[in-house]
1. Partner chain Cβ atoms within 10 Å, averaged over the residues of A:126-134 - can you pull that number for me?
2. Along the principal axes of its C-alpha atoms, what lengths does the range A:96-216 span, in descending order and rounded to whole Å?
3. Take the alpha carbon gyration tensor of the range A:132-198, find the square roots of its eigenvalues, order them as a ≥ b ≥ c, and report rounded if a/c is under 1.5; if not, report prolate when a/b exceeds b/c, else oblate.
4. So what are chain A's ellipsoid semi-axes, whole angstrom, largest first, if each one is the square root of 5 times an eigenvalue of the alpha-carbon gyration tensor?
5. Would you kindly state how much longer the chain becomes between A:H92 and A:R7 on full extension, computed as 0.36 nm times their sequence separation minus their alpha carbon distance, in nm to one decimal?
6. Okay, which of the range B:260-278 sit inside 16 Å, backbone N to the point 7 Å along the Cα-Cβ direction of B:C160?
7. Counting pairs of alpha carbon atoms under 8 Å apart in space and at least six apart in sequence, what relative contact order in percent does the range A:149-278 give?
8. What is the range A:85-163 by shape, rounded, prolate or oblate, if you read a ≥ b ≥ c off the alpha carbon gyration tensor as root eigenvalues and call it rounded for a/c under 1.5, prolate for a/b larger than b/c, and oblate otherwise?
Number of protein chains: 2
Amino acid sequence: MPKQTPRTLSGFMELLPAPQQQMERIQKILRETYSLYGFTPLDTPAIEASEVLLAKGGGETEKQIYRFQKGDADLSLRFDLTVPLAKYVALHYNDLTFPFRRYQIGKVYRGERAQRGRFREFYQADIDIIGDGKLSILNEAEIPAIIYKTFSALGLKRFCIRVNNRKILNGFYAMLGLSQQAGDIMRTVDKLDKIGPEKVRGILQDELSISPENAGEILSFIAAKYDLDALDLPLSQYRGRNELLDQGLQELDTVVKHLADFGVPRENFAVDLTIARGLDYYTGTVYETTLLDHPEIGSVCSGGRYDNLAEYYTDKQLPGVGISIGLTRLFYVLGEQGLLNPDLPTAPADVLILPMTEDLSPAIAFATELRENGIRAQLHCEAKKFKQKISYADKLKIPYAVFLGEDEIKEGLVTCKDMTTGEQTKLDPKATIYRIKAGLDARNQGSVIRE
Amino acid sequence: MPKQTPRTLSGFMELLPAPQQQMERIQKILRETYSLYGFTPLDTPAIEASEVLLAKGGGETEKQIYRFQKGDADLSLRFDLTVPLAKYVALHYNDLTFPFRRYQIGKVYRGERAQRGRFREFYQADIDIIGDGKLSILNEAEIPAIIYKTFSALGLKRFCIRVNNRKILNGFYAMLGLSQQAGDIMRTVDKLDKIGPEKVRGILQDELSISPENAGEILSFIAAKYDLDALDLPLSQYRGRNELLDQGLQELDTVVKHLADFGVPRENFAVDLTIARGLDYYTGTVYETTLLDHPEIGSVCSGGRYDNLAEYYTDKQLPGVGISIGLTRLFYVLGEQGLLNPDLPTAPADVLILPMTEDLSPAIAFATELRENGIRAQLHCEAKKFKQKISYADKLKIPYAVFLGEDEIKEGLVTCKDMTTGEQTKLDPKATIYRIKAGLDARNQGSVIRE
C-alpha cells in the first residue's frame, strides 16, 4: 500500500510523552491555583458563528482567523478566550451571578506566519472577573496576588509583575492636549526598553510632530519611578491638573496599597508607566509579567481592567478585569531556556510489575493494591525476555520494577527494584507500598520550573 | 451601537458553571483512573493536514468532516482521536517505547445533522495500548477491568461490559462460506435487539439470499450464551472446524478466564456474539458497554483490538487495543436521565469572605490561610449590602460564608456561617478551618453519577 508521510502542521505543538507530562503538571497547577481564588472553570466551543465571533470586526487579527464555510454556515475558530467569554456572559446573563469569576484553559487559533516559537494553535489560560454594572477596584488589586501565587506555584521566583493604569496615560496625554495622538505615542513609548530614550524622543518629535517641550514632558513622565513606600510618584506635581489622571493615580495607589495585604513581595512588583497594552480595550489597571532573567521573552502574563466586556452583544454594562497566560509559548520558552525541572517524574507509571508465573492473579492483585493506594501501576505481560522488560522500565524512567516469581508468591513477599539506585528489597506488600510511596513523595518534591 | 445577537452554534455544548463543574469532575476521574493503569496523557492538534487525516480516505464520516483552506493549506479538524494517534505513533515511532499506552481526552468534530443529543463538537476519552509487531492477548483481557474501574469510579453500578471476538465471527462466516456477505450479515445481526430474531431471519433470507439452513445456523450461533464458569460456549460443536474461529474462541476464553483476576464482577460482564463494531478495523476482541437501565442509549464505551494501527503511514506492524468514551454525549444523557448527583458541590468557591472593615488585611490573611489549606476562598469586596452578599453565596451555593467585623478582628476570631444549615460559629481561625474542612469532606462524599 502506498504510504502517506505522517506529519504535524507547522505552528502546532505536539509533545512527546515526557514533556507532555510536564505540560499536564503545569495545567493542573493553573487549574488548582485559579480554583483556590474562587474562579469557576468554563469550556466554550472552539468554533463560533463568524458573525458572532467577529462582531467587533476588523483589527489586525482578522486575517489570521481560521474562517470557513460548512454547509450554509460561516464559521470561525476562536482566536482568544475573551470574545467567547463576552458572548457567554451576554448569552447566559440571566443564569449567571455577578461578580462572575471564571477561568478557562483552552486552545485558540491564529494563522500567523510560521516562525520558530510562534504557534498557530496554542493554549491560553485566562481568568476574568466580570461585574454587573460595577466592579470594585479591589479586584484590580487582587490580580497581582493571583499572578504572584500562580507563578510561585510553578516554581518561579525571579519575575516582576508590572502595573500601570490607563487612566494615568489617557489623562496625562489629555493634559498635554495630545489625546488624538495618544495611541501613536504609547506605541512609541512602548519601545523605550528596546531603543532607548533618545530614539523615542526622535520619533516623537520627527514622526509624530510632538513639540520638544511635550516630548520632554512625556519622557520624564514615563521614566518616573513610583515610590512604593510613599504611595506616590515623584510626579505628584501632576496631581490636580487633570481629573482622569488624578483618578488613575488614585486607583494605582489603591492597588499598590493592598499589595502587602495580598501577600505580593516588593521584589515581584513594579509600577511601570510605559505599559499600555491594547489600545482601545483596557480602561484602568494594566498588567504585564516579565521573567527577570529573560526580558527578551516579553510579557508571559498580561491583562487589565476593561469597562465593557460585551458591548457588541448587549446593552448591559459589564466591566471586568482579567489576565491571560500564553501557555503554549510559555511552555516552549521554558523548555528552550532549560527551565523545566527534569527531575520531576514524567513516566507513564510509577511501578512496572513483571509477573514471572503463568498464573497472573498475584500480580494483578498487587497492581490493584497499588492503584488503591494511588500508585500508578502497569503490568508488563508481553512475551519478552526479562532483560527487555527491565529495559522498558529504564527507557520510560518508571521508578520501580516489581517482580513476582514463584518464591515471592509462596512467601507472600514482593521483590521491588528502585530503578534509580538499583537497590532491591523483598518485603511484604504493605511494606513495599510504604517504601514506594515514600520514594514517590521524594521524587515529586520540587517545582515544575527551576530557575 | 447595533448589537449582534449572541448565540452558540447548535450541536456545540456550552455548559453553565454548575454543570461544567460536574463535567470537570468526570474528566478528572477519567484522567486519574487512566493514569492509575499506566497510560500517559497525550494532546495532539485539533487541526491536521487533510491529506494526512484522510489518508485512509472515504468512509461515511468524510462528508461530516470540517475541511477548509487556509492560505495554500488544505486542513481538516480531527473527527476522532484514533487517526491522530496513528499519525503520532508513525511520526514519533523512534521516540516511543512499546507497548505504548496513552490516554487522550479531547474535542473532535463531526458536522452531523443537528439533532437533540447529537453533537458536532464533542469530547472523546480514549485509551489505547500499541505494540510494536506484537501485542499480548492479556492487554485485551485487561481492558474490561479498566472499563469496570472507570465506570465504578464515576459511581455507576448497573452496567454491562459486552465482549465478542471478531475472529469468531469471521471464522464462523468463513465456515459457512459466507465471508463475502459477512459485513452485511453482521450489520443485520446487530439489529437483533431492536427487531427480534424473526425479522433478522427474514432479512437474511430475503435481502441477503442466505439459505434457510445458514440463516438458522447464524441465529442459533449468535443467540448462544457463553458459560462463564465452564469457559465455553454451548457451541463447542463449532470447535475444530475453522482455524480462525478456534483462535477467536481461544482468545475469548483467555479474556474471560482473567476476568476474576482483573477484578471484574460477573454481573458487569457478558459475552455477546452479536457485537461486531466497525467492519474493517477491528480484528480481535471487541467491547461495548451498556447501561442496564438505559439500553436505549446504546454503547457508552466501545472499542476493540486492531492489527494495524498506522498502515496508511508506515510499514511497521502496530497492533493495538483501545476503547473510547463519547464523553459529551454520555454527559448529556446522564443529565437528561437525572443521573448526575446534584448533591456534590458545584460552587466556584468553598468559602465566601465578607470583610466588614475598611482594613482588608485580616480578611485577606484569612483567605490566604484557607487557600494554604486547599480551601477555595473568594473575597467579596463589592460595594453591596450585607444581604446582597449573603444572597450571592446563596445563589452560587457557596457552602460557607465568613464574616470579619471589628469585634472578630479584635478577638482574633472568625464568624462562619454554614449556608446549608444556617448554623453560625465564632471560633479561632484554626478551628474554623477544621470545621470547614470536615464539612467539605462530608459534602464531597458520594459519586458523580447516582443511579
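The values are calculated or read from the model by the stated rules, or taken from the named source; none is laboratory data. Only a predicted model underlies this, so the values are computations on that prediction, with no experimental measurement involved. When we count neighbours, we look across all protein chains shown, and the Cβ atoms used for this are built from the backbone with ideal geometry, even at glycine. Remember, those area values only see protein heavy atoms, side chains included, never the ligands or the DNA or RNA. Shrake-Rupley method; radii C 1.70, N 1.55, O 1.52, S 1.80 Å.
1. Per residue, the average neighbour count from other chains is 1.
2. 49, 42, 32
3. oblate
4. Here the semi-axes work out to 51, 26, 21 Å.
5. The span from A:H92 to A:R7 would gain 26.6 nm if fully extended.
6. Label zone hits: B:265-276.
7. 45
8. Cα axes put the range A:85-163 in the oblate bin.
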